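Note sheet for the following structure.
Bear in mind that the values in this text are calculations on the coordinates, not laboratory data. Everything numeric here is computed off the predicted structure, so don't read it as measured data. Because the Cβ atoms are built from the backbone with ideal geometry, glycine has one as well, and the counts that use them run over all protein chains shown.
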Amino acid sequence: MVFPMLVLEGRAFIQGSFKQCAIGIEDGVISSIKKTLHGDDNVDYGEFLILPGGIDLHVHFREPGLTHKEDFRTGTTSAAMGGITTVFDMPNTMPPTTTLREYEQKVEMAGRKACVDFGLYAALSKPRETSRLAGAGAPFKLYMAQTTGGLDVPADDVPGLLKDLPPVYPPVVVHAENPAKFKATDARTLREHDLARPVEAESSSIDLLKAMRRNFHITHVTSEESLESVSSSGFTSDVTPHHLLLDCTRPLGQLGKVNPPLRQPSEREAVWNAFAGGRIDILASDHAPHTEEEKSVNFADAPSGLPGVETMIPLMLRKVRSSDLQLDRLINAVAERPAELMGLNKGFIEVGRDADLVVVDSHSVTKVRGKKLHSKCGWTAFEGWEAIFPLAVYLRGNLIVDKGEVAEDSIGEHVDAKVPAKRPEPAKKPGFGAALQQGAPR
Ligand code: NCD
Ligand code: ZN
Ligand code: ZN
């Protein structure tokens, strides 16, 4: 069968550097990359940057059951507008994703509504369901402590649950906090929340996991101490934009209440340096929307979590522009490493990969406004921050965001996580921050 060829021209990130080139796309897949190509349709982005689509391995789109906060349509629209073309959604919905039946129902629901491609985690929590869910290819999420949704498992039960998982499997993604180290206080401020669920709870939980000899992926790491536990155990890890950019001294009140907590400025700085230097594999949003009403109660009763899927890449592109982060590191953390970790045929601009592409005009700095974002929750902890939102986003060759507006929706497909390829070294190439700093000429 012959497919029409779409050609995108621009400065694309190919094999570690930016090249002015033409990307040929047929049937949703990159079919050729040349200096020039004549397609059935050519779109010339001039010197705008073309990056691989973002892959966010940690979002909460709240469907089924909590759709007053978010649903699969609004969540995936928000993702697309922020340059994310694949999301992995968490299982703490209502009902939670703990059985094969719930998993299959959720795959079906999301398939009807998603604007970007998606994977769905099942909670590692029910012994009899684990092998059935693994048979269906579900990636797993493990909660070691109580957080929104209450799917936590006592550490002693974890080895029993892992028994039914093949030894080589996409890594189990873990919310690592050890409740034995929590302090019994009713925190009233972000600093008290930090003290109530201290850094030590996180690192101690990672140490418990280490003893289980599995390939875990530790999500939302927040401290140097935890990173040391992660590297000594050979696990992979991710960090959120809020733990990289915010700390517990910010006047956010309960809007900034999240698990694990925002830490002290010195801790934030250490984690930033680890991320920028490639010691943390992945950037993931932990997009956890709650309504403003739910967040407006007193601190102790407010739910934990904040939205972030739409602002993650735009805030970081702004950091690249100010030379605080190298662009190749950002691409590595939001596209290459997540694709490798979950075994996806995405994440790189390469012949044979899905044509998930994001076009960026590095001059287009705007301010984040909660009311203008596409999440149902309508607020952000980054109100007024500068950011660079994508101009255009392609999902498997389909234009889903054009000039900052939704161009097409509901074409997202389910992706299976596969056994990951060998873990390569984090990128240590010379940086490409210059591409954004100097600003690509228009
Ligand atoms: C998340 C949520 O609201 O679902 N909350 C949070 O504070 N991060 C759950 C989680 O990831 O722990
Ligand atoms: Zn969590
Ligand atoms: Zn989460």
Exposure proxy ranking, count of Cβ atoms within 10 Å, fewest first, for D281, D416, D356:
D416, D281, D356
Rank A196, H217, Y121 by how far each Cα sits towards the positive end of the charge dipole of the range 98-223 (+1 on Lys, Arg Cβ; -1 on Asp, Glu Cβ) and give me just the farthest.
Y121
The alpha-carbon pair-distance distribution computed for the range 67-150, with 5 angstrom bins and whole-percent values, is 3, 15, 25, 24, 18, 12, 3, 0
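For the range 303-362, what ratio Rg/Rh do Cα atoms give with a Kirkwood hydrodynamic radius?
Ratio value, two decimals: 1.02.
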Debye calculation, C-alpha points only, no solvent: report log10 I(q)/I(0) for the range 31-120 at q = 0.14, 0.24 Å⁻¹, in the same order as the q values.
-0.58, -1.17
Once every Cα of the range 112-220 carries one equal point scatterer and solvent is ignored, give the base-10 log of I(q)/I(0) from the Debye formula at q = 0.13, 0.18 Å⁻¹, two decimals.
-0.54, -0.91
Taking K and R as +1 and D and E as -1, what net charge do the other residues with C-beta under 11 Å from the C-beta of S285 add up to?
-4
Per-pair calculated FRET efficiency, R0 = 30 Å: R191 and D324 via Cβ, rounded to 0.05:
0.75
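Could you put F389, F235 in order, starting from the residue whose Cβ has the fewest other Cβ atoms within 10 Å? Mind dumping the intermediate values first?
Values: F389 25, F235 21.
Exposure proxy ranking, most exposed first: F235, F389.
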Cα-Cα separations in the range 157-300 greater than 27 Å, expressed as whole percent:
22 percent
In whole Å, what are the Cα extents of the range 159-199 along the three principal axes, biggest one first?
43, 18, 13
Helical contribution to [θ] at 222 nm, DSSP H n ≥ 4, -39,500 (n - 2.57), averaged over the chain, rounded to 500:
-7000 deg cm²/dmol
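Exposure proxy check: K372, K210 ranked by fewest other beta carbons within 10 Å? Don't skip to the end; give the middle numbers.
On the way: K372 13, K210 16.
Placing the least packed residue first, the sequence is K372, K210.
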Among Q264, T99, S231, whose Cα projects farthest towards the positive end of the dipole of the range 53-342, with charges put on the beta-carbon of Lys, Arg (+1) and Asp, Glu (-1)?
T99
Over all Cα pairs of the range 1-78, how is the pair count split among 10 Å bins, expressed in % and running from 0 up to the last occupied bin?
17, 33, 22, 21, 7
Long-range HN-HN contacts of M5 with modeled amide H, under 5 Å:
D40, D41
Rounded to the nearest 20 debye, dipole of the range 100-194 from Cβ charges on Lys, Arg, Asp, Glu:
140 debye
Search the structure for amide H atoms under 5 Å from the amide H of R396, placed 1.01 Å from N in the peptide plane, and list their residues when 5 or more places away or on another chain.
A355, D356, L357
For the chain, what log10 I(q)/I(0) values come out of the Debye formula at q = 0.09, 0.11, 0.13 1/Å, with one point per alpha carbon and no solvent?
-0.52, -0.79, -1.13
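Please compute the contact order of the chain in relative form: average sequence separation of alpha-carbon pairs under 8 Å and at least six residues apart, divided by the residue count, as a percent. Mind dumping the intermediate values first?
Details: 1095 pairs, mean separation 94.1, N = 442.
RCO, the chain: 21 percent.
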³J(HN,Hα) across the range 77-82 via Karplus (A = 6.51, B = -1.76, C = 1.60, θ = phi - 60°), whole Hz, x for Gly/Pro?
5, 4, 4, 4, 5, x
